[in-house]
1. May I ask you to verify whether ALA219 is more than 16 Å from LEU158 (Cα to Cα) and open to solvent by less than 20 Å² (accessible area, probe 1.4 Å)?
2. Within region 187-197, count every residue that is open to solvent by 40 Å² or more (accessible area, probe 1.4 Å) and assigned to a loop (DSSP other than H, G, I, E, B).
3. Take region 1-27 and flag every residue that is in a helix (DSSP H, G or I) and either modelled with pLDDT under 95 or under 22 Å from the mean Cα position of the chain (by Cα) (or both).
4. Filtering region 123-149 down to residues that are of a type in the set (Gly, Ala, Ser) and over 16 Å from the mean Cα position of the chain (by Cα), which residue is farthest from SER241 (Cα to Cα)?
5. Within region 94-111, can one find any residue that is more than 28 Å from PRO293 (Cα to Cα) and free of Cβ contacts under 8 Å to residues at least 24 places away in the same chain?
6. Inside region 322-338, can you point out the residues that are of a type in the set (A, V, I, L, M) and out of contact with any Leu (no Cβ under 9 Å at 6 or more places or on another chain)?
7. Restricting to region 30-50, what's the tally of residues that are more than 24 Å from ILE82 (Cα to Cα) and either of a type in the set (D, E, K, R) or open to solvent by 50 Å² or more (accessible area, probe 1.4 Å) (or both)?
8. If you take the residues in region 255-291 that are among the β-branched types (Val, Ile, Thr) and part of a strand (DSSP E or B), which one is surrounded by the fewest Cβ atoms within 10 Å (Cβ to Cβ)?
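The values are calculated or read from the model by the stated rules, or taken from the named source; none is laboratory data. Bear in mind that the values here come from a model prediction, so they are computed numbers and not experimental data. No Cβ is skipped: glycine too gets one built from the backbone with ideal geometry, and neighbour counts run over all protein chains shown. Side chains are part of the model used for accessible areas, which takes the heavy atoms of the whole protein and leaves out ligands, DNA and RNA. Shrake-Rupley method; radii C 1.70, N 1.55, O 1.52, S 1.80 Å.
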Amino acid sequence: MAERPHVVIIGGGFAGLYLAKGLRRAPVRVTLVDRRNHHLFQPMLYQVATAALNPSDIASPIRSILRQQQNVEVLLADAVRIDVAGKRVHLADGGVLSYDYCAVATGARHSYFGHTEWEPLAPGLKSLEDALEIRRRIFLAFERAEREPDLQRRQQLLTFVIIGGGPTGVEVAGALAEIRRFALARDFRHIDPREATVTLLEGGPRILAAYPPALSHRAKTDLRALGVDVRENTFVTSVRSDAVEAGGWRIPTTTVVWAAGNEASPLLRTLGAALDRQGRVLVGPDCSLSGHPEVLVIGDAAAFTDQQSGGLVPAVCPAAIQMGQYAAHTIRDSVAGKPRGTFQY
């Protein structure tokens, strides 16, 4: 096994996990490195944040998923630098991994567009810790409102603001409106949870901008039917502990959820490759790094241009899965001495 080509995969999300599984029968040894010991089904994080699911419902240990795959080793570690010239991955604890092939699937985190001071006031939704913190804030707001005698302060506690009209923002807004309207409707004595306000703020001309206009319109119609106040073309200019200012409006609130943007892992900067505005690597048609075919960047870490539409492939799990599967196919072909194919999205 030690004589086989070594594949280092950084990140155990959809792209990294499907790449590892795709190398099950390949004559390689695989090391999968992740800062967390579990694979997270991120599309359902909003369900944890709104108490519809428990954390264990959407997280599985990476070791358990890959336990039957004898050519894979899982390491709990934090990759801090990739030496492309030396073909080495440097870890935060001082460890070094040499590789023949390296796949970077580090995903993305939320971006505050230069306003890092907003993060403590408006948590994003990328991890189980984020989801549990948002859940705590939501239900604590209802509990505090139950005991608040001042009507103005009570309404502030019962106002929830979601910033960002992408898939995450739309899901959180819809789920919040539903628990307010149904799950909690009869649980309190001094407040009516159905009177809580859920506001979705989107800086662009429409929510779900990555989807066809007809779907954006349908989503807005459905959200408004649930009682969500959807405001498009509304840029947030200030987030404070007691209010959000956006589009000339001041919205008194104590509970804000951030879903407005993403930025790629800072690890990608160590590759010395061209990056887009979100910090993602501009990859070629085969998802490889320019000049280094042995380095593949996949999933949310890659800025991949769709050959048919000319637009960037969206950062969603089906695209990450396909990239992971394609990367596995590419590595298998390379080890076998076959020419590389072209990724078809």
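1. Judged against the criteria, ALA219 is a match.
2. Final tally of qualifying residues: 4.
3. Within region 1-27, PHE14, ALA15, GLY16, LEU17, TYR18, LEU19, ALA20, LYS21 meet the criteria.
4. ALA145
5. Initial filter on region 94-111 (more than 28 Å from PRO293 (Cα to Cα)): 110-111.
Then keep just the ones that are free of Cβ contacts under 8 Å to residues at least 24 places away in the same chain; that gives none.
So far as region 94-111 goes, no, none of its residues is more than 28 Å from PRO293 (Cα to Cα) and free of Cβ contacts under 8 Å to residues at least 24 places away in the same chain.
6. Of the residues in region 322-338, the ones of a type in the set (A, V, I, L, M) are 323, 327-328, 331, 335-336.
Scanning region 322-338 gives VAL335, ALA336.
7. 3
8. THR255
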